[in-house]
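Student: Below you'll find the structure I mean.
The values are calculated or read from the model by the stated rules, or taken from the named source; none is laboratory data. Model, not experiment: these values are computed from the prediction. A quick note on method: Cβ atoms are made from the backbone with ideal geometry, for glycine too, and the neighbour counts reach across all protein chains shown. Keep in mind that these areas ignore ligands, DNA and RNA; they rest on the heavy atoms of the full protein, side chains included. Shrake-Rupley method; radii C 1.70, N 1.55, O 1.52, S 1.80 Å.
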Amino acid sequence: MNKNSSHIMALTPNTSNKRETVCIFGTGDFGRALGHKMIQSGYPVVYGSRSTQISNLIPKDAEVLSHAEAAQKAAIIIIAIQRQHYNFLMPLAEILHGKVLVDISNNLKLNQYPESNAEYLAQLLPGSKVVKAFNTVSAWALQSGTLDASRQVFVCGDDVEAKQMVMNIVRALGLTPLDKGSLLAAQEIENYPLQLFPMWKFPIFLSLGLTAFFFFYCLALDVIYTYIYEKNNFSFFIAITIPNRVCPVMALILLALVYLPGIFAAIIQLYRGTKYRRFPDWLDKWMLCRKQLGLIALAFASLHAVFTLVTPMRAFVSWRTSKGIISQALNNKTEPLNNTNAWISDCYLALGILGFFLFVLLGITSLPSVSNSVNWREFRFVQSKLGYLALIFCTAHTLVYGGKWFLSPSAYKWYLPNIYMLSLVIPCAVLVVKFVLIFPCIDKPLTQIRQGWERNPKHSE
């Protein structure tokens, strides 16, 4: 055997594992990155390009041909070009007839065109089988291999066999295909990469609005009021004191808002006597963003814990402590320990620690890697039962700390209640109504409704 034959054998692939050739129209960033990933996965790749000169940017194992020659070599053709350049495909209609065309394009803004890019491509080439895929994966992720955050690939198309062929390629690349149905879903898929944290929009705007309100509310009562009526300049409260009042208030209110839509849903179902009617749109959207509200609440609770830990380091606290010691020394008098205050202080801290622990537990179980490892009953136990327990502890923590101000006239500056009083309104309302809902006379019919029983079946929608 000569050396040439051994060289040929070394370069000959294992035909039993050989994959079908894939054609890519377009040598831009995404086309090159996708071609490189496919070659790594064992796919022969041929590029269709206006220029057949091989560039250093093209994967070295790929072949570069004209569009017509490249299309003839593959049954699957990936269209890695923008919509405005689709017209060059029309002269190739006969060659592309019966072939699978994978549209991976995106637009610059939501609903930029009346129809999706994939539907437009199907109209231009009615004899081809158009599938929408890969538009939710970035070229950078393909090149760097950091696909953990974008591993899911939405796929849609009218031809089931063509769609399955594309989904097989997606799996071979180490990605997860998700069948979104017919080509009518293409517009939704094309809009997806343009949405900036769609489920976070309402929780973030709500949190920012409430934070601004409570910040200026505290600023008015703790800084401006004190400066006007007591001639004390406490403007430095803006750095630590006010944030450390706003953060726990926000954490408590947002945690209550996580469970408030469930209360509304139970009342609506009891009133209607059925679970087979849709909730109002506002309630549906609210329930869908409960996880985001809870995670933002956990962020505020964590900030509160950090601010509290640094409190003894503050100059104002050191000054106030020194002032008390000097006052006792000058008066030759030592203040005895107040056991009642000591109990209140320890209970307040203990409730806060327990509440924060359960808060963190809720946040951990919200992570996909954790929630996917528990069954539905376990997840519901943590999120519902332990969630309400966390709300009870956090509400009690605030009550023990701020409850004394309810009956103190000095707490009502400008006739406005203290911020801690405002923070207790929603949590206490949620807990009271929830307590009523667990009464057997109410819980039993609610459970039956959720299991499918209807009070008036003929009137259900």
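Student: Only residues that are surrounded by 13 or more Cβ atoms within 10 Å (Cβ to Cβ) and within 16 Å of Ile296 (Cβ to Cβ): list them for the stretch 366-378, please. Break it down into steps so the answer makes sense when it comes.
Tutor: Kept after step one, since they are surrounded by 13 or more Cβ atoms within 10 Å (Cβ to Cβ), are these residues of the stretch 366-378: 366, 370-371, 374.
The answer is Ser366, and nothing else.
Student: Within the stretch 418-429, does at least one residue satisfy the condition of being more than 35 Å from the chain's Cα centre (by Cα), in a loop (DSSP other than H, G, I, E, B) and not aromatic (Phe, Trp, Tyr)? Quick ask: steps written out before the conclusion?
Tutor: First, pick out the residues of the stretch 418-429 that are more than 35 Å from the chain's Cα centre (by Cα): none.
Scanning the stretch 418-429, I find no residue that is more than 35 Å from the chain's Cα centre (by Cα), in a loop (DSSP other than H, G, I, E, B) and not aromatic (Phe, Trp, Tyr), so the answer is no.
Student: Ok, one more. Tell me which of these Glu335 doesn't satisfy, since it passes every other one: (1) touching a helix residue (DSSP H, G or I) at 6+ places or on another chain (Cβ under 7 Å); (2) of a type outside the set (A, V, I, L, M, F, W, C); (3) assigned to a helix (DSSP H, G or I).
Tutor: (3)
Student: Considering only residues of the stretch 384-416 that are touching a residue at least 12 places away in the same chain (Cβ under 8 Å) and not in a helix (DSSP H, G or I), which is nearest to Ser345 (Cα to Cα)?
Tutor: Phe406
Student: Turning to a different aspect of this structure: Looking at Ala80, Ala122, Ala68, which is the one that is open to solvent by 20 Å² or more (accessible area, probe 1.4 Å), out of contact with any Asp or Glu (no Cβ under 7 Å at 6 or more places or on another chain) and more than 28 Å from Thr176 (Cβ to Cβ)? So that I can check it myself, show each step before the final result.
Tutor: Working: Ala80 fails: more than 28 Å from Thr176 (Cβ to Cβ); Ala122 fails: more than 28 Å from Thr176 (Cβ to Cβ).
Residue meeting the stated conditions: Ala68.
Student: Here's a follow-up. Identify the single condition in (1) part of a helix (DSSP H, G or I); (2) free of Cβ contacts under 8 Å to residues at least 60 places away in the same chain that Phe279 does not satisfy, given that it satisfies every other one.
Tutor: Going through (1) part of a helix (DSSP H, G or I); (2) free of Cβ contacts under 8 Å to residues at least 60 places away in the same chain one by one, Phe279 breaks only (1).
Student: If the Cβ limit is 9 Å and pairs must be 6+ apart or interchain, which residue in the stretch 298-316 that is under 11 Å from Pro243 (Cα atoms) pairs with which residue that is crowded, with 16+ Cβ neighbours inside 10 Å and hydroxyl-bearing (Ser, Thr, Tyr)?
Tutor: Phe300/Ser207; Phe300/Thr211; Phe307/Thr241
Student: Does Ile169 meet the test of being β-branched (Val, Ile, Thr) and crowded, with 18+ Cβ neighbours inside 10 Å? I'd like the intermediate steps shown before the answer.
Tutor: On the way: β-branched (Val, Ile, Thr): yes; crowded, with 18+ Cβ neighbours inside 10 Å: yes.
Taking the combined requirement at face value, the residue satisfies it.
Student: Please verify whether Leu254 is at pLDDT 95 or above and surrounded by 22 or more Cβ atoms within 10 Å (Cβ to Cβ), treating the condition exactly as stated. Before the answer, list the steps.
Tutor: Details: at pLDDT 95 or above: yes; surrounded by 22 or more Cβ atoms within 10 Å (Cβ to Cβ): yes.
Answer is yes for this residue.
Student: Another question, if that's okay. Return the total of residues in the stretch 205-231 being surrounded by 15 or more Cβ atoms within 10 Å (Cβ to Cβ) and not small (Gly, Ala, Ser).
Tutor: Counting residues in the stretch 205-231 that are surrounded by 15 or more Cβ atoms within 10 Å (Cβ to Cβ) and not small (Gly, Ala, Ser) gives 14.
Student: I'm told Leu337 meets every condition in (1) at pLDDT below 80; (2) closer than 30 Å to Ala299 by Cβ; (3) open to solvent by 60 Å² or more (accessible area, probe 1.4 Å) except one. Can you identify the failing condition by its number?
Tutor: In the conditions (1) at pLDDT below 80; (2) closer than 30 Å to Ala299 by Cβ; (3) open to solvent by 60 Å² or more (accessible area, probe 1.4 Å), Leu337 misses (2) alone.
Student: Something else now. Assuming Leu196 fulfils every condition listed in (1) part of a loop (DSSP other than H, G, I, E, B); (2) at pLDDT 90 or above apart from one, which condition is it?
Tutor: (2)
Student: Out of Ile263, Ile326, Ile268, Ile296, which single residue is modelled with pLDDT of 90 or more, over 30 Å from Thr447 (Cα atoms) and β-branched (Val, Ile, Thr)?
Tutor: Values: Ile263 fails: over 30 Å from Thr447 (Cα atoms); Ile326 fails: modelled with pLDDT of 90 or more; Ile268 fails: over 30 Å from Thr447 (Cα atoms).
On inspection, the qualifying residue turns out to be Ile296.
Student: Additional query: Can you run down the residue pairs with Cβ atoms below 6 Å, 6 or more apart or on separate chains, where the first is in the stretch 337-366 and under 19 Å from Pro427 (Cα atoms) and assigned by the TED database to the domain that holds Gln292 and the partner is aromatic (Phe, Trp, Tyr) and in a helix (DSSP H, G or I)?
Tutor: From the stretch 337-366, the pairs are Tyr348/Tyr401; Leu351/Phe393; Leu354/Phe393; Gly355/Phe393.
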